[in-house]
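Remarks on the structure that follows.
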Amino acid sequence: MENPSDRKYTESHEWIRDNGDGTATVGITFHAQDALGELVYVELPETGRQVSAGEACVVVESTKAASDVYAPVDGEVIETNDTLVDAPQSVNESPYEAGWLFKIRVADGSALEKMMSSADYSAGPGSA
């Protein structure tokens, strides 16, 4: 699956899409969900939680292992994808659309500019 070009990526396999209003949507990449296997549980952060870039804020559990998901930027969690509580497999089925994890009010929009593009991610961490 191709990594959408309208997002930025982290080395730890998160994606972030600028919503154009000071907020962004966060999820994990196809590569990440593929490496984890079928997800059976997702623990989402509390709305209102302040997170720092690189901070573990979501736990995804598969039939293989549990793994942390890290905040790609500093900000405040403003919404979570509560449908994942009953349907964690949505992350596997649609990692870039229905399987998003949370939305964040971004503290510093310039942080997004410093992240990897789709091409950079595909050539580097997402190429394995």
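Hey, which of the helices (runs of 4 or more DSSP H) in the range 16-93, taking only ones fully inside, have at least 1 residues that are aromatic (F, W, Y)? Step through it out loud before you land on a result.
Working: elements: 30-36, 83-86, 90-93.
Those helices (runs of 4 or more DSSP H) span 30-36.
Just to be sure I understand the filter: pairs with C-beta atoms under 6 Å, separated by 6 or more residues or on different chains, first member in the range 62-87 and closer than 26 Å to N19 by Cα, second member aromatic (F, W, Y). Which pairs pass?
Note: pairs meeting the criteria are V77/F102; T80/F102; N81/W100.
I'm checking my understanding of the structure. Among residues of the range 41-73 that are over 15 Å from L84 (Cα atoms), surrounded by 18 or more Cβ atoms within 10 Å (Cβ to Cβ) and aliphatic (A, V, I, L, M), which one is farthest from the chain's Cα centre (by Cα)?
V51
Touching a residue at least 60 places away in the same chain (Cβ under 8 Å), surrounded by 17 or more Cβ atoms within 10 Å (Cβ to Cβ) and among the small types (G, A, S): which single residue out of G22, G99 fits that description?
Working: G22 fails: surrounded by 17 or more Cβ atoms within 10 Å (Cβ to Cβ).
Result: G99 is the single residue among G22, G99 that is touching a residue at least 60 places away in the same chain (Cβ under 8 Å), surrounded by 17 or more Cβ atoms within 10 Å (Cβ to Cβ) and among the small types (G, A, S).
Is it the case, given these coordinates, that G126 is of a type in the set (G, A, S), closer than 19 Å to V60 by Cβ, part of a helix (DSSP H, G or I) and touching a strand residue (DSSP E or B) at 6+ places or on another chain (Cβ under 9 Å)?
Numbers: of a type in the set (G, A, S): yes; closer than 19 Å to V60 by Cβ: yes; part of a helix (DSSP H, G or I): yes; touching a strand residue (DSSP E or B) at 6+ places or on another chain (Cβ under 9 Å): yes.
Judged against the criteria, G126 is a match.
All of the numbers you see were taken from the coordinates with simple rules; none came from a lab. Please read these numbers as outputs of a predicted model, since none were measured by experiment. Please note: Cβ atoms are built from the backbone with ideal geometry, for glycine as well, and neighbour counts cover all protein chains shown.
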